[in-house]
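Novice: After the structure tokens below, expect a handful of questions from me.
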Amino acid sequence: MEHFYRTIISGERASAGAAILRALFSAISLPYTLAIILRNWLFDVGLRKQHKLSVPVISVGNITTGGTGKTPTVIMLVHELQRLGHKPAVITRGYGAPRLADGARGKSDEVMVLEHECPGVPVVVDADRVKAGKIAIEKFAADVLVMDDGFQHRRLQRDLNILLIDATEPMGVPGVIPRGTWREPPSALRRANMIMLTRCEQVFPQLAELAGNLLTNWVKPRSIFQQRTEVTGIFDASGNRVPLQVGGTRKVLAFSGIGNPNGFLHTVRSLGLTVSAASWFPDHHLYRPERDFNSMKKITAQRGIDAWVTTLKDFVKLPASPSPVPLWYIRIECRLSPQSQDLLRLRLQELFLPTSPATAPRS
């Protein structure tokens, strides 16, 4: 369904029915866009209150729907803050958390990945990020907060507003949802005081530079960082590293439920694995092995597949290995160039210096 919707809004489907749907989406998008503009204006002029907490707040977010690498960026920031001697906590809405049998909410995949990659770091889940921030400060003595997916959550004032843009599709499908993939109009980019172009390893350097140059309409060139996603290894279900082989002789079935499956597919192939089959699920999918993997098991037997491979985000949600062959997951990290890493470190250190109202960053 998600793929069908995207073929409609992108114009890939050129039928009369698709044109009617695009017109309908445009009509729905207009009042939604006006509501977003009004809401932002109310915050900009102070008619809607922003809450300032007692510690610095770093927001990581995006302006388009789908995956742009927010969770790996949050993890990178947490590790950098720890290296600087601080006690960070992550605050998140926990979008996509499953409803358990007793009616309670379970943990979302992002929360489980954060706990896996940042052991000991508090992750506070609450749709009210102001409340979550206060809990992180009072209960866990956090001295800095990293807000996951916080660009549109303007009630909490932030000291560093980081916007992520996927270099493989810089502005997605033009148009505010549902007509396009924009969560708000591009003018909102002006709220960012740092932009990170993610997945730059998947495009030609000239294209990444072009995207960065276009973004200088909204932010200073010094505040645009090119980020690369690097694989740190393939691991089996027990957490043991799987040695890589040259030549692509091992056949795998790739599966995931993420916002950008094509990026994951690119990563799998770049490791010298032969992808004999792939199965994509909706973002934040709650796996039910007895229902979801039957066709994958048949394909595995028919094609002599050696292993199933997935993302860490998907792996942490599996109650047990559902595959008749070894199950592997790929662990990734996002990294900046040494120069950009030094600039980021400097910006983080500046958060803990006294600031006057005249020099306080935008939110």
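Novice: Using the alpha-carbon atoms, what tilt in degrees (0 to 90, nearest 10) does helix 16-44 show relative to the longest principal axis of the chain?
Specialist: Taking Cα atoms only, the helix is inclined about 30 degrees.
Novice: Another question about this same structure. How big is Rg to Rh over segment 148-238, alpha-carbon atoms, Rh as the Kirkwood inverse-mean-distance radius?
Specialist: Rg/Rh: 1.03.
Novice: How large is the helix-only mean residue ellipticity at 222 nm for the chain, computed as the sum of -39500 (n - 2.57) over DSSP H runs with n ≥ 4, divided by its residue count, in deg cm²/dmol to the nearest 500?
Specialist: Numbers: 11 runs with 124 residues, N = 363.
Result for the chain: -10500 deg cm²/dmol, rounded to the nearest 500.
Novice: Here's something else I'd like to know. Looking at the chain, send over the antiparallel percent of its DSSP beta bridges, to the nearest 5. Write down the numbers at each step before the final one.
Specialist: Values: 13 of 52 bridges.
Of those bridges, close to 25 percent are antiparallel.
Novice: Between ARG241, ARG228, ARG93, which gets the highest mean-square fluctuation from a Gaussian network model of the chain, Cα cutoff 10 Å?
Specialist: Ranking ARG241, ARG228, ARG93 by mean-square fluctuation puts ARG241 first.
Novice: Tally Lys/Arg at +1 and Asp/Glu at -1 over every other residue whose Cβ is under 15 Å from the Cβ of LEU38; what's the total? List each step's numbers first, then the result.
Specialist: Numbers: positive: ARG39, ARG48, ARG154; negative: ASP44, GLU184.
Every neighbour counted, the sum reads +1.
Novice: Find how much the distance from ILE28 to HIS79 grows on full extension, using 0.36 nm per residue of separation minus their present alpha carbon separation; answer in nm with one decimal.
Specialist: Values: separation 51, 0.36 × 51 = 18.36 nm, distance 4.17 nm.
Contour length minus Cα-Cα distance gives 14.2 nm.
Novice: Give me the Debye-computed log₁₀ of I(q)/I(0) at q = 0.16, 0.20, 0.29, 0.30 Å⁻¹ for segment 198-250, equal point scatterers on Cα only, no solvent, two decimals.
Specialist: Reported log10 I(q)/I(0), two decimals: -0.65, -0.77, -1.13, -1.15.
Novice: I've got another one for you. Among TRP218, TRP41, TRP328, which one moves the most in a GNM of the chain with springs linking Cα atoms closer than 10 Å?
Specialist: Evaluated over the chain, the most mobile residue of the options is TRP41.
Novice: Another question, if that's okay. Return the distance in nm (one decimal) between the two label points of a simple spin-label model at ARG345 and PHE281, each offset 7 Å from Cα along Cα→Cβ.
Specialist: Roughly 4.0 nm, to one decimal.
Novice: When only alpha-carbon atoms are used, what values of Rg and Dmax, in angstrom, describe segment 209-341?
Specialist: In Å, with Rg to one decimal and Dmax whole: 17.5, 54.
Novice: Right, something else. Would you mind checking the pairs LYS107/LYS139; LYS107/LYS131; LYS52/LYS313; LYS70/LYS297; LYS49/LYS134 and listing those with alpha carbons more than 24 angstrom apart? Provide the component values of the computation, followed by the final result.
Specialist: Values: LYS107/LYS139 20 Å; LYS107/LYS131 18 Å; LYS52/LYS313 32 Å; LYS70/LYS297 32 Å; LYS49/LYS134 17 Å.
Among LYS107/LYS139; LYS107/LYS131; LYS52/LYS313; LYS70/LYS297; LYS49/LYS134, the Cα-Cα distance tops 24 Å for LYS52/LYS313; LYS70/LYS297.
Novice: Take the chain, connect every pair of alpha-carbon atoms lying under 10 Å apart with a spring to form a Gaussian network, then pick out the residue of SER340, SER187, SER256 with the largest mean-square fluctuation.
Specialist: Maximum among the listed residues: SER187.
Novice: Which whole number of Å³ per residue matches the convex hull of the alpha-carbon atoms in segment 302-351? Before the final figure, lay out the partial values.
Specialist: Working: hull volume 5.8 nm³, N = 50.
Cα-based convex hull of segment 302-351, divided per residue, equals 115 Å³.
Novice: Express the relative contact order of the chain as a whole percentage, based on alpha carbon pairs under 8 Å and six or more residues apart in sequence. Intermediate results must be reported in sequence, preceding the final value.
Specialist: Working: 625 pairs, mean separation 67.8, N = 363.
Across the chain, relative contact order equals 19 percent.
Novice: State the Kirkwood hydrodynamic radius of the chain in Å, one decimal place, computed from all pairs of distinct Cα atoms. Don't skip to the end; give the middle numbers.
Specialist: Details: mean 1/r = 0.0456 Å⁻¹.
That comes to 21.9 Å for the chain.
Novice: Could you give the radius of gyration (one decimal) and Dmax (whole number) of the Cα atoms in segment 1-127, in Å?
Specialist: 19.7, 60
Novice: Here is a further query. Give me the lysines in straight-line cross-link reach of LYS298: C-alpha distance below 18 Å, same-chain residues under 8 apart excluded.
Specialist: Straight-distance partners of LYS298: LYS251.
Novice: So, with +1 on the Cβ of K and R and -1 on the Cβ of D and E, and no other charges, what is the size of the charge dipole of segment 23-140 about its Cα centre, to the nearest 20 debye?
Specialist: Numbers: 15 positive and 10 negative charges, 79 e Å.
Using only the charged Cβ atoms, the result is roughly 380 debye.
Novice: Still on this structure: Against the globular-protein guess of 2.2 N^0.38 Å, express the Cα radius of gyration of segment 105-190 as a ratio, rounded to two decimals. Write out the running numbers ahead of the final one.
Specialist: Details: Rg = 15.4 Å, N = 86, 2.2 N^0.38 = 12.0 Å.
Working it through for segment 105-190, the quotient is 1.29.
Novice: Per 5 Å bin, what percent of the C-alpha pairs of segment 270-362 does each bin hold, from zero upward?
Specialist: Taking all Cα pairs of segment 270-362, the binned fractions are 2, 10, 16, 16, 11, 7, 6, 8, 8, 7, 5, 3, 1, 0 percent.
Novice: Moving to a separate point now. Using the 2.2 N^0.38 Å rule of thumb for compact globular proteins, work out how segment 32-81 stacks up: its C-alpha Rg over that value, please. It would help to have the intermediate numbers written out before the result.
Specialist: On the way: Rg = 14.8 Å, N = 50, 2.2 N^0.38 = 9.7 Å.
For segment 32-81, the normalised Cα radius of gyration is 1.52.
Novice: Give the ranking of ARG39, ARG190 by solvent-accessible surface, highest area first, calculated with a 1.4 Å probe. Don't skip to the answer; put the middle values down first.
Specialist: Details: ARG39 80, ARG190 125 Å².
Order by accessible area, largest first: ARG190, ARG39.
Novice: Report the extension gain between LEU214 and ARG291 in nm, rounded to one decimal, defined as 0.36 nm multiplied by the number of residues separating them, less their alpha carbon distance. Show your work: numbers first, answer last.
Specialist: Details: separation 77, 0.36 × 77 = 27.72 nm, distance 4.55 nm.
Roughly 23.2 nm would be gained on extension.
Novice: Can you tell me the 0 to 90 degree angle between the C-alpha axis of helix 205-215 and the longest principal axis of the chain, rounded to 10?
Specialist: 30
Novice: Given N residues in segment 68-223, what is its alpha carbon radius of gyration divided by 2.2 N^0.38 Å?
Specialist: Details: Rg = 16.8 Å, N = 156, 2.2 N^0.38 = 15.0 Å.
It is 1.12.
The values are calculated or read from the model by the stated rules, or taken from the named source; none is laboratory data. These numbers were taken from a predicted model, which means no experiment stands behind them. FYI the Cβ positions are ideal-geometry reconstructions off the backbone, even for glycines, and counts take in every protein chain you see. Accessible surface areas use protein heavy atoms only, side chains included; no ligands, DNA or RNA. Shrake-Rupley method; radii C 1.70, N 1.55, O 1.52, S 1.80 Å.
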